[in-house]
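Each remark here refers to the structure printed beneath this line.
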Amino acid sequence: MSQPGVMDTTVKERAGLALNDDFLRKAVKFTTERLRNGKKSASEEHGNWDEWRERGRQIRLHTIAHLDYYLNEFVNNARANGVHIHFADTSVEAAAIALDIAAHKQASTVVKSKSMVSEEVHLNHVLESAGIEAIETDLGEYIIQLAGEAPSHIVIPAIHKNRYQIAELLSKEAGEILEPDTTVLAGFVRKKLREKFLEADIGMTGCNFAIAETGSMVLFENEGNARMVSTVPKTQITLMGMERIIPSWTDLEVMATLLPRSATGQKLTMYMSGITGPRRTADADGPDEMHIIIVDNGRSLQLGDPEFQELLNCIRCGACLNACPVYRHIGGHAYGGTYSGPIGAVLTPALNGNIDEWNDIAGASSLCGACYEACPVKIPLHDMLVYLRRRKVEDGHGNKMESMGMKGFAAVVSNSKRFSAAIRLGQIGQKAVVRNNGISLKLGPLKGWNNYRVAPSLAKKSFRQQWNKLDQELNQEQPAMDSSVRSRMEQIIREREEGGY
Ligand code: SF4
């Protein structure tokens, strides 16, 4: 489930490349900022956002706790609707099933709408190796397909590219120079893809939610391409992670409130399609044949695992990526897996079942908890990241210098006198290197940090020093206050006695 070639490099090396790419940093920062602000306004406007988050969490907890029941219900209802259901234990199996269906249909062209499961399966590569043209029709996915890259965000796959880079890519495809103007670029892609929708033999989609009570699947999108993919070609294949189930349409109301707001700050996406089986006689459009491939690919490893089961609650909104200070600096490719950001840092090792191989990505986090705050279904990603780090140390993969440093830090902060002495020493020692309230020295542990920012200096007076001073002042003032209160009370008593009370 890694991007090609990433296992030869470390997260640190990949992050270093990203940090030195100014275009990438600016593009990622600009878009994550917009998405984050959009989500903030949408959730504030909603009013009781936290209550709905809790509802979403409860629906996901309940569904995953009874996944076998709801999966069975979904499969029975979908089959009754005329859908062919296939189960794939691994990514290889999922790709083989899709390929087999394509071979039966003698397909030469497949149009795809956005699907992270198809990225897990590396389906484009598999189809193309078999001589089948696979065309991504989501604008962002189309751009990265032309660039030969993997998505760097769950929702905005080409988040790391600016319009000039996109214009260059699309100009090559067009065979003429296209202006870096969003209307021109989107217009070119729209025209190009329209022909592909009409000539494709198979349409492939992902699945945002699968409704157990009716055997339906639901897609959220903004471009209308998923609707084209699922209605124009004669055969439709849907790739669905086995955890996409929710019990009922009533539960979808909660999810439809949480997902678009968290993903893009929209109250609802432009299109929300509910698909219940292939075209029936009275239907004007839709595929004649519909297949759903239900993919495990490591998900059942999380079932019953006390540390990771809640990962199955994820609704792939991407809000944790937009909130993460690390993701916002390095983008998605540095994480190395199909999924990036805080969810990717945990999901990648959990899906692989090979924590050791991926143990360094848990370090790509400040553990600030912003991911948890952003998550519409309250997945405690920060706790899972701490668990992964602990596992790394317990398994003997810890960094010896870091471990010694942590022990020293613990010895200092757990003793009040040592801590105060260390602060005083630091305040004196930093005088030689502080400039404009910051330390820009690129030495020792400060080197990595100061390559891209300036470390804050210690305050001239620490909180503890200011607190102690305030405490002393209050203690000195206390007797004066007491005597004034006492004299006022004596005066009141005197007045009362004189008044004859
Ligand atoms: S972990 Fe939460 S915030 Fe992150 S993608 Fe999943 S649902 Fe969204």
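The values are calculated or read from the model by the stated rules, or taken from the named source; none is laboratory data. Note that the coordinates shown come from a computational prediction; the quantities given were computed from them, not determined experimentally. Every residue, glycine among them, receives a Cβ derived from its backbone with ideal geometry; neighbour counts consider all protein chains shown. The area values use the complete protein model at the heavy-atom level, side chains included, leaving out ligands, DNA and RNA. Shrake-Rupley method; radii C 1.70, N 1.55, O 1.52, S 1.80 Å.
When the residues of the range 307-317 are filtered to those that are farther than 15 Å from P157 by Cα and not in a helix (DSSP H, G or I), which remaining residue is farthest from the ligand (Cβ to nearest atom)? Even if it seems obvious, please write down each step before you answer.
Narrowing the range 307-317 to residues farther than 15 Å from P157 by Cα: 307-315.
Those left that are additionally not in a helix (DSSP H, G or I): 307-308, 314-315.
On the way: E307: 15, F308: 12, C314: 3, I315: 5 Å.
The residue in question is E307.
Test P325 against the criterion of being open to solvent by 30 Å² or more (accessible area, probe 1.4 Å), assigned to a loop (DSSP other than H, G, I, E, B) and away from the ligand (no atom under 16 Å from the Cβ), and give yes or no.
Details: open to solvent by 30 Å² or more (accessible area, probe 1.4 Å): yes; assigned to a loop (DSSP other than H, G, I, E, B): yes; away from the ligand (no atom under 16 Å from the Cβ): no.
Criteria not met by P325.
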- Query: Right, R36: in contact (Cβ under 8 Å) with a residue 24 or more places away in the chain, of a type outside the set (A, V, I, L, M), in contact with a helix residue (DSSP H, G or I) (Cβ under 6 Å, 6 or more places away or on another chain) and open to solvent by 70 Å² or more (accessible area, probe 1.4 Å) or not?
  - Reply: yes
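Within the range 72-84, identify whether any single residue is surrounded by fewer than 20 Cβ atoms within 10 Å (Cβ to Cβ), under 30 Å from L258 (Cβ atoms) and of a type in the set (D, E, K, R), and answer yes or no. Quick ask: steps written out before the conclusion?
So in the range 72-84, the residues surrounded by fewer than 20 Cβ atoms within 10 Å (Cβ to Cβ) come out as 72-73, 75-77, 79-82, 84.
Checking the rest, the ones that are also under 30 Å from L258 (Cβ atoms) come to 72-73, 75-77, 79-81.
Checking which are of a type in the set (D, E, K, R) leaves us with 73, 79.
Scanning the range 72-84, I find at least one residue that is surrounded by fewer than 20 Cβ atoms within 10 Å (Cβ to Cβ), under 30 Å from L258 (Cβ atoms) and of a type in the set (D, E, K, R), so the answer is yes.
Would you call E373 within 15 Å of the ligand (Cβ to nearest atom), closer than 21 Å to S262 by Cβ, part of a helix (DSSP H, G or I) and touching a Pro at 6+ places or on another chain (Cβ under 9 Å)? Reasoning before the result, please.
Working: within 15 Å of the ligand (Cβ to nearest atom): yes; closer than 21 Å to S262 by Cβ: yes; part of a helix (DSSP H, G or I): yes; touching a Pro at 6+ places or on another chain (Cβ under 9 Å): no.
Criteria not met by E373.
Matching residues to (1) surrounded by fewer than 22 Cβ atoms within 10 Å (Cβ to Cβ); (2) in a loop (DSSP other than H, G, I, E, B); (3) of a type outside the set (G, A, S):
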| site | (1), (2), (3) |
| --- | --- |
| M228 | yes, no, yes |
| D251 | no, no, yes |
| V254 | yes, no, yes |
| L259 | no, no, yes |
| M272 | yes, no, yes |
| D285 | yes, yes, yes |
| I292 | no, no, yes |
- Sole exception among (1) farther than 23 Å from G398 by Cβ; (2) open to solvent by 10 Å² or more (accessible area, probe 1.4 Å) for E357, by number: (1)
- Message: For C320, only one of the following conditions fails: (1) near the ligand (Cβ under 8 Å from one of its atoms); (2) under 19 Å from G140 (Cα atoms); (3) part of a helix (DSSP H, G or I). What is its number?
- Response: (2)
- Task: Looking only at the range 362-372, decide whether some residue is over 26 Å from H122 (Cα atoms), crowded, with 24+ Cβ neighbours inside 10 Å and in contact (Cβ under 8 Å) with a residue 12 or more places away in the chain.
- Result: yes
- Return a yes/no flag: does the range 107-120 have any residue that is under 19 Å from C207 (Cβ atoms), part of a helix (DSSP H, G or I) and open to solvent by 30 Å² or more (accessible area, probe 1.4 Å). yes
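Would you confirm whether or not the range 161-177 contains a residue that is β-branched (V, I, T) and farther than 30 Å from N313 by Cα? It would help to see each step written out before you state the result.
We begin by selecting, within the range 161-177, every residue β-branched (V, I, T); these are 166, 177.
Still in the running and farther than 30 Å from N313 by Cα: 166, 177.
So far as the range 161-177 goes, yes, one or more of its residues are β-branched (V, I, T) and farther than 30 Å from N313 by Cα.
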